[in-house]
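Quick notes on the structure that follows.
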Amino acid sequence: MLPDIENLLKLQDVDKEIRRLRDEIAELPKRVAVIEQKLAGTKAQLEKAQAAVKADEASRRKYETNISDLRGKISKYRDQSLDVKTNDQYKALLHEIQFAEKEIGTNEDKILELMVNADSRDKEVKAAQAELKAETTEIEKEKEQARQRTAEDENLLAEAKANRDQLRGGVREDLLRQYERVSKFRGSGIAEVRDQKCMGCMVMLRPQTYNEVRSGKDVVICDSCQRVLYFNPKEELVERRETVHRPKRHHPKIDAPQAWYYRAEFAADGEVFLCLTNSGGQASRRVYDIHTGRLLGDILIREGNYREGFPEDITGSTRLNGNWSEEELDGFGDELPMVVLDSLNADLDAARHEAATGSHAKHEAPAASSPAAS
Ligand SMILES: [Zn+2]
């Protein structure tokens with residue numbers, strides 16, 4: 001895997017962590033606000049209950065004043081009754097006194113009613129006070145927790161940001177711009193390729209693009225979602241090992257007119273597949289990149305059969321299964337089709353497995369004219 005890609009993957013993890021921390025930091029005050037709202041409700045309830053108590057007290061004072069005024073009147077009427085001249089005047093004063101006494105009774109009833117109510121008013125106030133106290137304790141606890149959590153998150157965020165800056169320094173500038181631009185719009189800027197699909201947008205890649213990603217030599221961008229693509233060979237290997245039952249490998253004939261080989265090193269090209277063919281007394285050699293399937297260099301023609309013509313290419317190479325007609329080979333042109341490339345890679349994988357388990361390990365030696373060399 002390219003170091004740029006490895007760094008981008010780490011950067012993606014850090015970016016995700018930064019987003020999570022920012023969301024959490026933004027969420028904490030909202031939680032506190034909800035509890036504070038509840039607290040304000042309880043406070044309003046308490047104030048209402050206390051206002052009711054005050055209003056009752058004012059009413060009581062008013063009734064008491066009424067009573068004392070009425071008593072004053074009665075005493076005045078009584079004094080006047082001593083000086084009246086006529087029976088009618090006396091009756092009128094008596095009537096006033098009776099009326100005032102009745103009024104006193106009414107006011108006294110009202111005071112009694114208030115005294116009865118005062119008990120439940122008192123209970124309301126006490127309940128609201130207790131609730132407010134409990135809620136205040138709770139909110140202080142919540143606020144403290146939120147404060148601590150925020151402080152922790154801020155520290156983690158600062159660490160993550162420092163980490164991010166360092167990782168950004170390890171990624172090519174144009175690639176970093178691409179990653180950040182796509183991240184901004186799509187939430188992620190890099191996607192794995194699996195089963196020839198971009199796992200970011202689930203769109204199938206063109207075979208050539210897929211090969212390029214698999215080769216891991218250059219950075220490839222998804223045509224449909226613009227994410228930077230990467231391929232994890234470990235994933236594929238694990239998948240293959242777990243899911244594919246390995247059938248017994250077929251072995252190619254030593255004297256076949258066409259032979260495919262794998263070489264780990266070929267000039268400056270690294271890993272290649274070689275296709276050697278015999279035709280009309282001449283041998284030809286084609287060289288393909290094993291990841292992209294691209295034809296490397298020209299088709300080489302030499303006199304004689306390929307064992308005589310290209311002994312240096314055969315020595316130390318791994319023989320593979322593969323047989324396509326001369327017309328098909330010409331039809332492949334500059335690039336092996338996916339199915340051919342996959343078939344060769346699968347056989348290479350099987351050959352390696354065979355070598356690793358010791359069931360049929362061998363490298364071919366050039367055998368100019370004796371096919372008994374196996
Ligand atoms: Zn995509």
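Any idea which of A100, Q80, H251 is furthest toward the positive side of the dipole for the chain, if Lys and Arg beta-carbons carry +1 and Asp and Glu beta-carbons -1?
Q80
Starting from the Cα gyration tensor of segment 278-319, take the square roots of the eigenvalues, sort them a ≥ b ≥ c, and report rounded, prolate or oblate (rounded when a/c is under 1.5, otherwise prolate if a/b is larger than b/c, else oblate).
oblate
Please report Rg over Rh for segment 201-360, where both radii come from the alpha carbon positions and Rh follows the Kirkwood definition.
Rg/Rh: 0.99.
Over 24 Å between C-alpha atoms is what I'm after, so list which of K123/K143; K48/K141; K54/K133; K10/K143 land there.
The answer is K123/K143; K48/K141; K10/K143.
Is segment 49-120 best put as rounded, prolate or oblate by its Cα gyration tensor, with a ≥ b ≥ c the root eigenvalues, rounded for a/c under 1.5, and otherwise prolate when a/b is larger than b/c, oblate when not?
Prolate.
Could you please state how large a percent of the accessible area of the chain is carbon and sulfur, counting protein chains only and using a 1.4 Å probe?
51
Taking H as built 1.01 Å from N, whose amide H comes closer than 5 Å to the amide H of L320, not counting residues under 5 places away?
The list, which skips near neighbours in sequence, is W260, Y261, Y262.
Where does the charge balance sit around V125 when Lys and Arg score +1, Asp and Glu -1, over other residues with C-beta under 12 Å from its C-beta?
Once positives and negatives cancel, what remains is -1.
Restricting to the chain, what percent of DSSP beta bridges are antiparallel, rounded to 5?
90
What accessible area, in Å² to the nearest ten, does a 1.4 Å probe give for V203?
So the heavy atoms of V203 present about 60 Å² to solvent.
So what is the diffusion coefficient of the chain in µm² per second by Stokes-Einstein at 20 °C and 1.002 mPa s, using a Kirkwood Rh over Cα pairs?
The calculation lands on 71 µm²/s.
Long-range amide H contacts for R294: which residues qualify at under 5 Å (H placed 1.01 Å from N, peptide plane, sequence gap of 5 or more or a different chain)?
Counting only residues 5 or more places away or on other chains, the set is D289, L336.
Computed on alpha carbon atoms, what radius of gyration and Dmax characterise segment 1-68, expressed in Å?
My reading of the Cα-based Rg and Dmax gives 29.9, 101 Å.
Calculate, for segment 100-189, the solvent-accessible area per residue in square angstrom, rolling a 1.4 angstrom probe over the heavy atoms of the protein chains.
Accessible area per residue, segment 100-189: 70 Å².
Is the shape of segment 1-155 rounded, prolate or oblate, going by the alpha carbon gyration tensor and its root eigenvalues a ≥ b ≥ c, with a/c under 1.5 for rounded and a/b larger than b/c for prolate?
Since a/c reaches 1.5 and a/b is larger than b/c, the shape of segment 1-155 is classed as prolate.
The values are calculated or read from the model by the stated rules, or taken from the named source; none is laboratory data. Keep in mind that this is a model prediction, so the values were computed, not measured. Note: ideal-geometry Cβ built from the backbone for every residue, glycine included; neighbour counts use all protein chains shown. Protein only, heavy atoms only, side chains kept; ligands, DNA and RNA dropped before computing areas. Shrake-Rupley method; radii C 1.70, N 1.55, O 1.52, S 1.80 Å.
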